[in-house]
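Notes follow once the structure below has been shown.
What follows is calculated from the coordinates using simple rules that are stated; it is not laboratory data. All of these numbers come straight from a predicted model, not from anything done at the bench. Cβ sites come from the backbone with ideal geometry, for glycine too, and all protein chains shown count toward neighbours.
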Amino acid sequence: MLLNRIGLFSCKQSRIINLVKPITNIRPFTVTSISRIFPPPPQTIQGTVNDAVVFPPRSKAHGSIHWNFERVIAIMVAPQVAYALASGSSNAVLNALLACTLVPHAHLGFESCIIDYFPKRRFKVMFPLLMWVLRGFTILTFFGLYEFNSNDIGLCQAIRMIWKS
């Protein structure tokens, strides 16, 4: 009865007679089945087990240089946000620098998510579509931040106001 109350087991209601007998009608706590929102992508195997692995062509732009660029951008964002919070005034150079590092940082992060969750070999139509949608949103974000920095309070002042509220 106690196990039933805390939800670990589900038992039938027992009477005094059933307390003497060993409990044999215990079933584990179960949950409902999972319903998938999207069907799984097509899974195909090209070739046979004995075929050699085809490696993509080597490119430094997609290897170590790309990885180093991502790390440099990520490291540059933290001091700029800290300076934007600590400084008393908002200047155009800092606003532009912060916009020019935050947007590529977000772009590279979303690009990594698309590459991981929608691989090109399995999503032949969706992958390029999502990459172009990401590029479009990146351009719109650059334009929006340019307008925000030049015609409104600026990114540094906005970060400071959000942090203080």
### Query
Hey, rough spin-label estimate for Ala82 and Tyr146, points 7 angstrom out along Cα→Cβ, what's it come to in nanometres?
3.1
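In the range 39-92, what trypsin sites (Lys or Arg not before Pro) fall in a loop by DSSP, with at most 11 other Cβ atoms inside 10 Å? Please report the intermediate quantities before stating the final value.
Numbers: sites: Arg58, Lys60, Arg71; in loops: Arg58.
Filter output for the range 39-92: Arg58.
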### Task
Give the calculated FRET efficiency between Cys113 and Ile139 to the nearest 0.05, with a Förster radius of 22 Å applied to their Cβ-Cβ distance.
0.75
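Just subtract the alpha-carbon distance of Asp51 and Ser165 from 0.36 nm times their residue separation and send over the number in nm, one decimal. Mind dumping the intermediate values first?
Details: separation 114, 0.36 × 114 = 41.04 nm, distance 6.07 nm.
Residue separation times 0.36 nm, minus the Cα-Cα distance, leaves 35.0 nm.
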### Estimated FRET transfer efficiency when R0 is 45 angstrom, pair Ala106-Arg58 (beta carbons, to 0.05)
0.95
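Calculate the FRET efficiency for Ile153 and Lys120 from the Cβ-Cβ distance with a Förster distance of 41 Å, rounded to the nearest 0.05. The partial results should precede the final answer.
Numbers: r = 41 Å, r/R0 = 1.00.
For R0 = 41 Å, the calculated efficiency reads 0.50.
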